[in-house]
Structures are given as structure tokens and as C-alpha cells.
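Quick note: the coordinates plus some simple rules give every number you see, no bench work behind them. Just so it is clear, the structure is predicted and the values come from calculations on it, not from any experiment. When we count neighbours, we look across all protein chains shown, and the Cβ atoms used for this are built from the backbone with ideal geometry, even at glycine.
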Amino acid sequence: MQLVLPTGHFSIYKSLSQRARVATEAWGLENLYCPNCAEDRLDGTPPNTPTVDYICRVCRSAFQLKSQGTPLSFRIVDAAYSPMRDAIKSDRTPNLFLMHYNRTNWLVLNVILIPRFAFSLSAIEKRKALGPHARRAGWVGCNIRLDRIPSDARVPIVAQGCATDSSEVRRQYARLRPLEALRSGSRGWTLDVLNAVRGLGKRDFALSDVYALEASLNRLHPGNRHVRDKVRQQLQVLRDLGLLAFLGHGRYRMTPERSGNEAARESR
Ligand SMILES: [Zn+2]
């Protein structure tokens, strides 16, 4: 994977944002690959195709690339709120590549992949409507809350200027793929409980550890009075998906997010 953004035909574009868009889109065509099958290139979609920038010619997976010159923090500014909410509800979100590049030397520093089935309504945040004097007065945008997406589902493609092996990316994607089979309505709870459990930062944990997060889960699902029942039900779903194991007596163990090799490489 080449980590320098192609800036060859830059001179015809005046604005920095135009240059960045052209360079990052061209980089994706040359370097991004399908995490869902063995295809090593993605095809571009016709200009102005809404929300989809690339498509895999083999498995037809759809992808969007969003890039920014600032580090990826826990909140990413996205497009309009209602179409995003509707896309999540009807299970039409594309896979999302998020890129952070250096605006001075045009190097790709970080790229993460969020699989299309890892978006829950909790992960999008409605922004305030634009004021009456804005060009698009009343328009409502949204943010993607990366901190509300389980760490399993923020798959590193490039981390601190180092590309991850494509085999490792495909392994991580395949590990989460069973989430795709859940109905989009119930998948939100599964993702929220997985995120809560990952947030504990422990390999082994107790049911009481997850119950301690009841208030924050309740904030994501106001009106649900049976959060503890939901937690127990979703822990079973996560076990059936192979993401954790029951140890008995209210104890649980997470399965590793990454292969041993990958974890060792990152700690070096
Ligand atoms: Zn594919």
C-alpha cells in the first residue's frame, strides 16, 4: 500500500479542500481493497453518486471514503441527519473508510474501516439546525460518534503511517460479519452492549460490571425500563456470534479482537 497521496494534477485545483478531495479519492482507487472478499481493487462510482464512492466488482460491497486533515477524534462530522438515520434503520449504510492525512506532506497517517453493519442509531448524533441566515437555513447535519462504535468495528487499515496486512483486515471483518444477519432494529442493542463491554477494558468480566453501566445504556435507549434484561439477552447474542464466551457463574470472557501477530506488531 502506497501512503503518499497522489498530487500530480493538483495545479488545476485552487482550493485546498478540492485538492484534498481529488487526491484522497484517487488514492482510494489505487490502494483500497475489498475487506469482504479477495478483490484487491475497488471501482469508483460515477461522479455525484450519493454516499457511495467505491464498489467491489466481485461481491458488490459499497464503500464511502471520508477524509480529514486533523486526527480522527471521537466525533466525526458527517452529512445530513435524516438520510443517515433512515439508512441505518433500513440497513443501507455503506462501509465507511475514515482517513486522516497530513496536509503538509500529503501522507496518509490513519485509515479505519467501519463495517456497514456496525452502525447503530446510538452512533449518530443530531446537530443543531443551521440558523436563519445560513445558506441552507434549517438544514440538520449529524456527527458520527466513534466512541459509540465498538473497538472491534473500527478496523485499522493504516495506523500511525503503517499499513495493516490485508489478511488481518479481512480476518477482522469476517469476525464481525455475523452481525450482518441480525435485524437492523435489534442490532443497535447488540452493538451498544458490545461497546459497553469493550469499554470495560478487561478480557474477563462479570455481569455486575455490565450492570454498572446501566445508566449510560439507558441514556442511549431512553424509555427502555428493562436494561438489565436487555444486557443479559445481548450477552447471549454476542456469545452466539462468537464474540465472547460464558465462563459460568455470571462470568464472561471476550474473544481477542486481533490475531496474536497483529497485537504483537502494534506493541512494538
Ligand atoms: Zn468484495
Seminar exercise, completed: Sorted by chain and number, the residues with a modelled amide H under 5 Å from that of residue 79, at a separation of 5 or more or across chains, are 142
Exercise. If you average the sequence gap of Cα pairs under 8 Å that are 6 or more apart and divide by the length of the chain, what percent do you get for the contact order?
Worked result: 13 percent
Exercise. What dipole magnitude, in Debye to the nearest 20, does region 53-200 give about its Cα centre under +1 on Lys/Arg Cβ and -1 on Asp/Glu Cβ?
Worked result: 360 debye
Seminar exercise, completed: Going residue by residue through region 225-240, the Karplus relation 6.51 cos²θ - 1.76 cosθ + 1.60 with θ = phi - 60° gives ³J(HN,Hα) values, rounded to whole Hz and with x marking Gly or Pro, of 9, 10, 4, 5, 4, 4, 4, 4, 4, 6, 5, 5, 4, 5, 5, 5
Exercise. What list of ³J(HN,Hα) values in whole Hz, one per residue of region 128-137 in order, does the Karplus curve 6.51 cos²θ - 1.76 cosθ + 1.60 (θ = phi - 60°) give from phi, with Gly and Pro shown as x?
Worked result: 5, 4, 5, x, x, 9, 6, 4, 10, 4
Exercise. What is the packing order of peptides 75-81, 134-140, taking the mean over residues of other C-beta atoms within 10 Å and listing the highest first?
Worked result: 75-81, 134-140
Seminar exercise, completed: Straight-line reach check, residue 89, cutoff 30 Å on alpha carbons, 8 or more apart in-chain or any other chain, hits among lysines -> 66, 126, 128, 230
Problem set entry | Cβ charges +1 (Lys, Arg) and -1 (Asp, Glu), total dipole of the chain, debye | 720 debye
Exercise. Looking at 205, 81, 27, which one has the Cα that reaches farthest to the positive end of the dipole of the chain (charges on Cβ: Lys, Arg +1; Asp, Glu -1)?
Worked result: 81
Exercise. Where does each of 244-256, 34-46 land if you order them by average Cβ count within 10 Å, highest first?
Worked result: 34-46, 244-256
Seminar exercise, completed: For the pair residue 43 and residue 29, the simple spin-label estimate (label points 7 Å beyond Cα toward Cβ) gives in nm 1.4 nm
Seminar exercise, completed: Convex hull around the C-alpha positions of the chain: the volume in Å³ per residue is 147 Å³
For this session: Calculate for the chain the 222 nm mean residue ellipticity that helices alone would give, adding -39,500 (n - 2.57) per DSSP H run of length 4 or more and normalising by residue count, nearest 500 deg cm²/dmol.
Result: -9500 deg cm²/dmol
Exercise. Hey, what do the phi angles of region 154-170 turn into as Karplus ³J(HN,Hα) couplings, whole Hz, using 6.51/-1.76/1.60 and θ = phi - 60°, x for Gly and Pro?
Worked result: 10, 7, x, 9, 10, 10, 6, x, 10, 7, 7, 4, 4, 5, 6, 4, 5
